[in-house]
């Protein structure tokens, strides 16, 4: 099919599909009248069962912890795949890390940008860590905080420039941190089994509500997610940035 | 209003697919995929919404106050982060495509035929 | 000791460990880790299957037992069928790892890591009792598959990997949308709980839409027409060990997931049942026949095998869509038999690549005379695909035929036609490549259209998993296997039994249905037809001209049109997928 | 509240359309960032602060960055040829 025919065909099919979609959605419960019961049960028991105030975190890391284990490994697999593909295509497949070009041409960035990067990076990093740690109490957690830590690492790139940044963000370290994050989650689930509990069952003390040590196992696996997300996104960014090398870089 | 959010979701799904069908650039196509993905998020959060209820976070208000469904939120939250990682994987495949075939326009690629 | 989480956790942990230590690990150790992990998973899944045959296991993660009919956590529901499919997947992975010994030396352990994650995802997909968890494992399977497909960086047709990724990503969105609709109605994610909540509603457009979305997503992964286009493109680029997994198990596991969703959720809903019995059955038959026809048109051997997979997926779908325990049991046996046979055939294609650095049937004519054992195995694989009345695949086939006869008498013949065409294509390839039959194509035709390169490895060593797979497939004709499959199918297709098992209540005992076979006549007919077609294609130049012309006149336009539909254009694929969804919508109105 | 949600939904259907119809990849990245902002505002209105947080860090930091970097590598590759 060529281009106009295909879009016409699609539009016709979409128009024919539309009444079915409307009929189907019409029979959903009206917006704003969630019928339950799953969420209501969680809201009812979450605080007393786990001493946490953020139910979303409870669902993610405890009630439906296995989902998050799977999601963490999706991230793990994507990062591994990105690294394998990009590094392989650059002929660096056998090297343990992305090749570093010592005297790579510096991207033109103004002093103001560099300064802002230097100032903002540590603040962002601290904020990221704060968000990771307060998963049980306030909005946030390993996923969001991990991405903020990653943003801090990017700001460091703006602040320090390519060479210094590559000395800081080493592939080997990122791989290790990512593996550690995934391992914390998978092993954290396994350990309770040696005490006769189920996989991912909480056997730790639940702690005081509204503190960062509340929730028992939640605090542990959440940390694993934070590490894996921050390291994984940094790995992706690093490999993608290495792709932007231009022909002049090798000689410069 | 009672089913409007669902229709917005269906609309996003269909126009995202339309973008995939008609795209002339794989990078643009991946952008359209993110629209389809957004459609699923809107649908999930819409079905879990309760009029007048608060967020399922009992830091300020005590447990027992009406709150929207936390389950769909947890599902969407993880999926957003993971979706970004998958998008990165797609982008790196597009980079490979450019290296091997010299184009990222689906129309310019020779059919894989013998 | 609790075994239930281990088939998922062991491969995932092995992947993590490999990532942490890959810099200091020699390749042989990485290879060995892969094989041993897969074998350990096979063993544990087998133990689980053994236990489940006595009594299915329900395992609540995090210890969250359901409270008054509401599931709070995620459950694994290990029934005999799920455990056996998981066990078989792990076995195929072990074979793929063994075949890939010393193959992936240029990506450190990355390839193995992804394959292990893939394995963990697949076992999880088979065992889970929660629909969102099913989605998570579906997505995990896809993501680990995307990267290993594109791994062959020399491959010229990298867009095959990209189209695979895009189509499967859309598939996962469809699945997620379907889950959202079901959740909006029932407020539940557990199969059993959703099943109970929707059981009362009859002929509801919302459920029809949810069904279409869920099945659309899974049928993309299962490569059923018209959702199948990505499969051949992906197989053309993927390295041979990956093809073994894709064709051998991934597509059929997707069908297994679809069947699980049907039986646990939609079984009591009349309109859905009607649609499965009509639309899905016809889609299965169409896929079997059209896949066979397209298969016959190919000369790129991996592409040819990929289309034969599509054809056999059609047979499996037809078996499931009969909605009888017999047809379902047939599906299980066919899944195993086809997985072993197709796995062996893809390994043989890998051996050809390794020995002759080419995968084009015409260019390889007579080149592989030095690999007689491979040739025999390849031809044997072709005969099994065509319907040789021996082994697992045939047992499955006869059960499916018998159940399908109940709907329409002609269905078994069409299924046999599709399989015979795939068998003919494989036999033709065997004759041309390993014996040198067929017309001399001349210099121009013989030069490969594309550069294919592959690592050279000793062919004799690579034959070990091939022979093991073929022997496993052919030796499994004992009635014992059939009885186990029937028992598994009886539990699998019991909607109420599943719900009581998960949410409490006394599990009703179900009588195991007895095996009903179709006779071997149709099998022999199919084999004979395959041999004739292969012979005709190889000996075309010697047949009388009028016969050739008639054959061309009858078949050529149809075959050409089929081949032309496979444009390799992602936009077309997405449009075809929309068309597939439209078919569902129309079927519901019907 | 319903009014806010409704308004954001209308905005979202427009901004989603914008992402699809912006065929020039660099401009599309900006459209995606805008779409991400509307989405996170909507999630906030739907009482999902966790999700809004997630969307804003991903939609405004990670995704645009990945797209921009990929686009400049595509340009670098083209130059090399």
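Nothing in this text is a laboratory measurement; each read-out follows from the coordinates by a stated rule. All of these numbers come straight from a predicted model, not from anything done at the bench. Reconstructed Cβ throughout: ideal geometry from the backbone, glycine too, with neighbour counts over all protein chains shown.
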Please average, across the residues of C:207-219, the number of beta carbons from any other chain that are within 10 Å of each residue's own beta carbon, and give a whole number. 2
Based on C-alpha coordinates, I'd like the Rg and Dmax of chain C, in Å. 22.8, 76
Residues C:316, C:122 in order from fewest to most other beta-carbon atoms within 10 Å are C:316, C:122
Ranked by how many other beta carbons lie within 10 Å on average, peptides C:140-147, A:20-27, C:497-504 from highest: C:140-147, C:497-504, A:20-27
Cα atoms only, the stretch A:107-252: Rg and Dmax in Å? 18.4, 61
For the Cα atoms of chain C, what angle does the longest principal axis make with the long axis of helix C:80-99, in degrees from 0 to 90, nearest 10? 40 degrees
Quarter of the Cα convex hull surface for chain A, i.e. its orientation-mean projected area (nm²): 20.9 nm²
Taking Cα atoms, how many degrees apart are the long axis of helix D:2-21 and the longest axis of chain D, rounded to 10 and kept between 0 and 90? 20 degrees
Please state the equivalent ellipsoid semi-axes for chain D: what are the square roots of 5 times the Cα gyration tensor eigenvalues, largest first, in whole Å? 30, 15, 5
Please give the calculated 222 nm ellipticity per residue for chain A, where each DSSP H segment of at least 4 residues contributes -39500 (n - 2.57) and the sum is spread over every residue; nearest 500 deg cm²/dmol? -23000 deg cm²/dmol
Test item: C:121-132 mean partner chain Cβ contacts at 10 Å: 2
List the extent of the Cα atoms of chain B along each of their three principal axes, largest first, rounded to whole Å. 65, 28, 21
Which value results when the Cα radius of gyration for the stretch C:354-431 is divided by 2.2 N^0.38 Å? 1.37
Sort C:53-65, C:296-308 for me by packing, meaning the mean count of neighbouring Cβ atoms within 10 Å per residue, highest on top. C:296-308, C:53-65
With everything on Cα atoms, drop me the angle between helix C:205-222 and the longest principal axis of chain C, reported from 0 to 90° to the nearest 10. 40 degrees
In the protein assembly as shown, what percentage of the DSSP-assigned beta bridges are antiparallel, given to the nearest 5? 85 percent
Relative packing of A:62-71, C:401-410, C:42-51, which averages over residues the other C-beta atoms within 10 Å, highest first: A:62-71, C:42-51, C:401-410
Cβ-based exposure ranking for C:487, C:277, C:342, in which fewest neighbours within 10 Å come first: C:277, C:487, C:342
Averaged across C:161-171, how many Cβ atoms of other chains sit within 10 Å of each residue's Cβ atom? 5
Within 10 Å of each residue's Cβ, count the other Cβ atoms and sort A:6, A:198 from fewest upward. A:6, A:198
What translational diffusion coefficient, in µm²/s and rounded to a whole number, does the Stokes-Einstein relation yield for the stretch C:93-205 at 20 °C and a viscosity of 1.002 mPa s, taking the hydrodynamic radius as the Kirkwood radius over Cα pairs? 131 µm²/s
For the protein assembly as shown, what is the Kirkwood hydrodynamic radius in Å, using each pair of distinct C-alpha atoms? 28.7 Å
Value of [θ]222 nm, deg cm²/dmol, for chain C, DSSP H segments ≥ 4, -39500 (n - 2.57) each, nearest 500: -23000 deg cm²/dmol
